[in-house]
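Asker: One structure, as structure tokens, below. Some questions next.
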Amino acid sequence: GIFLLLNLVLFFHLRTRPFFHYVLYLICILVYGFFSSGLMKQWDIFGSIPELKFFIRLNYYLVSISYLAFMRSFLEMEKMLPSWDQVFKWLIRTAAILMMISALYLAFIRYNVALIDTVYGIYLITAFAIIIIFLFPLFKIKDIRAKFIFWGSILIILGVVPSIAALLFGIFGIDNVVFVQLGLAGEMVVFSLGLAYSHSTSEREKQEAFRRRAVMEEKSKIYTNITHEFRTPITVILGLADEIQTRSKAQITAIKRNGKQLLQLVNQMLALS
């Protein structure tokens with residue numbers, strides 16, 4: 001909740017896609033936390049419509065969708081890793097389709113939670129395996145944003161794997177959710193730092209682009225002024241060329257003077273460039 005409030009404030013201030021997707025992800029995580037902890041039932045949130053608790057389970061898909069969307073927008077995967085961007089799009093679309101099918105199944109057929117959870121489990125294992133494979137090319141990328149995503153994903157993986165082991169084999173002797181909570185907390189810290197760094201870098205790039213644009217505008221003005229200075233000596237030379245038949249010493253001197261002036265202007269332009 002604290003991370004959500006922090007990033008929500010930043011989103012309303014900055015209005016960027018990575019912040020939007022990350023805020024959506026944190027909202028879904030918060031809903032998942034309320035639901036899995038039993039607080040929703042304790043607070044009687046469902047009231048006179050207890051069937052809503054079955055549909056809240058579909059929030060699992062929203063967690064996956066927002067997580068994958070955040071990674072896409074934060075990394076600008078369409079430019080950085082176009083082939084992997086297509087894979088992530090496929091995962092997002094598949095999650096959206098499965099969520100709609102599950103909602104229709106719950107609404108019109110039967111409230112079979114076991115089947116819904118099994119379908120999502122298969123999807124989650126598939127997405128989890130793909131993300132693990134994705135970490136290998138991600139690690140090789142020099143962009144600092146890739147490092148934030150890599151280590152954030154590693155932390156959540158380190159939370160999920162022992163959690164699954166504790167759930168299946170009863171090892172560690174503590175609640176399996178603890179590992180996920182620790183991994184998720186570490187991931188939130190890393191991703192939040194990554195968003196802050198990305199915004200800081202973006203601001204510096206904007207300032208540098210503004211400075212370069214100002215320099216280019218000033219250079220353009222100088223070139224324009226110098227170009228205008230060419231007109232007078234060129235006009236004089238062309239005019240004297242028509243009268244050169246008389247071979248007047250004054251005319252030849254004027255041609256030399258204007259020629260030297262042109263040469264000086266050309267040298268100034270070369271020095272400026």
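The values are calculated or read from the model by the stated rules, or taken from the named source; none is laboratory data. What you see is a predicted model; the values in this text were computed from it and never measured. Because the Cβ atoms are built from the backbone with ideal geometry, glycine has one as well, and the counts that use them run over all protein chains shown. What goes into the accessible areas is simple: the full protein's heavy atoms, side chains included, and nothing from ligands, DNA or RNA. Shrake-Rupley method; radii C 1.70, N 1.55, O 1.52, S 1.80 Å.
Asker: I'd like the full set of residues that are farther than 18 Å from TRP151 by Cβ and open to solvent by less than 70 Å² (accessible area, probe 1.4 Å), limited to segment 175-187.
Answerer: ASN176, VAL177, VAL178
Asker: Same structure again: State the number of residues belonging to segment 52-92 that are among the hydroxyl-bearing types (Ser, Thr, Tyr) and over 14 Å from LEU24 (Cα atoms).
Answerer: Of the residues in segment 52-92, 1 are among the hydroxyl-bearing types (Ser, Thr, Tyr) and over 14 Å from LEU24 (Cα atoms).
Asker: Do the conditions hold for SER73, that is, is it hydroxyl-bearing (Ser, Thr, Tyr), surrounded by 14 or more Cβ atoms within 10 Å (Cβ to Cβ) and part of a helix (DSSP H, G or I)?
Answerer: Judged against the criteria, SER73 is a match.
Asker: Please verify whether ARG110 is outside any helix (DSSP H, G or I), more than 20 Å from TYR32 (Cα to Cα) and out of contact with any Leu (no Cβ under 8 Å at 6 or more places or on another chain), treating the condition exactly as stated.
Answerer: Yes: the conditions hold for ARG110.
Asker: With the checklist (1) surrounded by fewer than 14 Cβ atoms within 10 Å (Cβ to Cβ); (2) at pLDDT below 85 in hand, flag the one item ILE122 doesn't pass.
Answerer: Here ILE122 clears every test but (2).
Asker: Within the bounds of segment 188-210, is there any residue that is buried (at least 16 other Cβ atoms within 10 Å of the Cβ), in contact with a Gly (Cβ under 6 Å, 6 or more places away or on another chain) and either in contact (Cβ under 8 Å) with a residue 12 or more places away in the chain or not in a helix (DSSP H, G or I) (or both)?
Answerer: So far as segment 188-210 goes, yes, one or more of its residues are buried (at least 16 other Cβ atoms within 10 Å of the Cβ), in contact with a Gly (Cβ under 6 Å, 6 or more places away or on another chain) and either in contact (Cβ under 8 Å) with a residue 12 or more places away in the chain or not in a helix (DSSP H, G or I) (or both).
Asker: Hey, among ASP85, ASP117, ASP143, which residue is surrounded by 15 or more Cβ atoms within 10 Å (Cβ to Cβ) and of a type in the set (Asp, Glu)?
Answerer: Just one listed residue meets the conditions, ASP85.
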